[in-house]
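Here's the structure, in structure tokens; my notes come after.
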2 protein chains.
Amino acid sequence: MAVFDARQQRAEMRQDLRAALLSAAARIISEDGLGALTLRRLAERVNVSTKAVYTLFGGKEGLLEALYLDAFDGLEVFAPEITAIASPQERLLALARSYRTYALDWPDRYAVMFGDAATGFSPSAESRRHAWNTTRPMRHTLMECKPGMSAEEADFVMRAMWATMHGVVSLELRQLIGGREMADRLFDETLIAVLNHFAVPFPADLVKVPR
Amino acid sequence: MAVFDARQQRAEMRQDLRAALLSAAARIISEDGLGALTLRRLAERVNVSTKAVYTLFGGKEGLLEALYLDAFDGLEVFAPEITAIASPQERLLALARSYRTYALDWPDRYAVMFGDAATGFSPSAESRRHAWNTTRPMRHTLMECKPGMSAEEADFVMRAMWATMHGVVSLELRQLIGGREMADRLFDETLIAVLNHFAVPFPADLVKVPR
DNA sequence: CGCTTGAGGTAACGATGTTTCCTATGGTAA
DNA sequence: TTACCATAGGAAACATCGTTACCTCAAGCG
């Protein structure tokens, strides 16, 4: 009993340290960008040595993979406020817009999710599957918008939506799109273009686009 | 005269060294990825010291900016073979597909164009304008597809196309899309969805999409 | 011909990810 | 209980990175 408690306490401390490192890393990234995430700086902030990152994550690559998973999980944090919306169409639109808001609010977290190979990190197949799974609420809402839609079709349309959302957001973050209102229109219109193409009922007046 | 020749020869050697560094850098990136591009390795391959990169580019960031511009210029290399196509619609489709081919053939060059801030490099406003200018042939073809289209509208539709193309290609490169044939369909269908949405005449049977 | 200017090599500097060595603490078998 | 052992984590060294003083030296100038 005492032994079990001690073991459990050790496991908890391990988890606590892991969580502390992850949150500190996320904070560093939010504050000074992904390039500022250094093992020494991270360790100093949590008051441990850099070795802790190796025992817990196996190195910086493992740390980045954990941050990758956390960043995708963060996408779902918006869901609670949105699931209350009755209309599936409005809910789908809200989910899509929250995706963009998330990316614009935490561009460096988004960079972890879609950053290139310069970081030396490439997510594992399992992590990529996890990333895809975070689109489940959106796929579910999508099927509510078009009853009778097969799961395969929903998957395909979801990928199309994801691609267009990511495309607009990615170009916007790199300032390859004009201004904010241009990106607003672009996001809504490409979204509605894809939904219309796949015959997903979507009232056009839902998206207020000045033409 | 002899003075001018000598000066010209010096300038030429400068340009030669600059070109040699750029091509060697591109080769290193193609061979071992963007993370393998090191000033020491680059200098060794061209048989100069790392200082040459500083006098010619001002540092690694300047080198990356030059590679950024070159990578976008590489997009237009496909144009000559494509401009021969008579039908504007088929030409537009060919241009779009060549964009994807370019990205899939040189993923690391594409990473330089759209890589995140982890490299510590962010293109200047002028470089971004140059990047946008490489879409000119596509915009021109777009206007041929829909006579009477204003330049502003063409710009907007071009941005929508770019976003969807980049979105699909980006997810594909990160293996966030199923297989090759899935990405094939996704690319063509999102493209046609956008063009249809903006009322660009585009024969549906031009894109062979098994439904 | 003496002077200046600038490109480019050498070597050092600070910082990074990683590894090696060591310590100490908690669990385990006799 | 006691002696052994496994493991987490700290300290410091290592290889490598981008960068920068410092120097050399050849080309252009009066």
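The values are calculated or read from the model by the stated rules, or taken from the named source; none is laboratory data. Note that the structure is predicted; figures quoted are calculated from it, not measured. Using ideal geometry, Cβ is built from the backbone for each residue, glycine included, and neighbour counts are taken over all protein chains shown. When the accessible area is computed, the model is the full protein with side chains, heavy atoms only, and any ligands, DNA or RNA have been set aside. Shrake-Rupley method; radii C 1.70, N 1.55, O 1.52, S 1.80 Å.
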Against the definition (at pLDDT below 95, among the polar types (S, T, N, Q) and exposed (fewer than 15 other Cβ atoms within 10 Å of the Cβ)), how does B:S87 come out, yes or no? yes
I'd like the full set of residues that are exposed (fewer than 15 other Cβ atoms within 10 Å of the Cβ) and more than 10 Å from DNA strand C (Cβ to nearest atom), limited to the stretch B:16-29. B:A19, B:S23, B:R27
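For the stretch A:10-121, give me every one of the helices (runs of 4 or more DSSP H) that falls completely inside it and has 2 or more residues that are in contact (Cβ under 8 Å) with a residue 40 or more places away in the chain, more than 12 Å from chain B (Cβ to nearest Cβ) and away from DNA strand D (no atom under 15 Å from the Cβ).
On the way: elements: A:39-46, A:51-57, A:60-75, A:79-82, A:88-105, A:107-114.
Once the helices (runs of 4 or more DSSP H) in the stretch A:10-121 are filtered for at least 2 residues that are in contact (Cβ under 8 Å) with a residue 40 or more places away in the chain, more than 12 Å from chain B (Cβ to nearest Cβ) and away from DNA strand D (no atom under 15 Å from the Cβ), what remains is A:60-75, A:88-105.
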What is the one condition in (1) surrounded by fewer than 22 Cβ atoms within 10 Å (Cβ to Cβ); (2) part of a helix (DSSP H, G or I) that A:M149 does not satisfy? (2)
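Within the stretch B:60-103, can you find the residues that are small (G, A, S) and under 20 Å from B:L21 (Cα atoms)? It would help to see each step written out before you state the result.
Narrowing the stretch B:60-103 to residues small (G, A, S): B:62, B:66, B:71, B:74, B:79, B:84, B:86-87, B:94, B:96, B:98, B:103.
Result: B:G62, B:A66, B:A71, B:G74.
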Of all residues in the stretch B:175-187, count the ones that are in a helix (DSSP H, G or I) and more than 11 Å from chain A (Cβ to nearest Cβ). 3
Is there a residue being open to solvent by less than 10 Å² (accessible area, probe 1.4 Å) and more than 10 Å from chain B (Cβ to nearest Cβ) anywhere in the stretch A:159-170? no
For the stretch A:122-150, which residues satisfy the criterion of being within 10 Å of chain B (Cβ to nearest Cβ) and in contact with a Leu (Cβ under 8 Å, 6 or more places away or on another chain)? A:R128, A:A131, A:W132
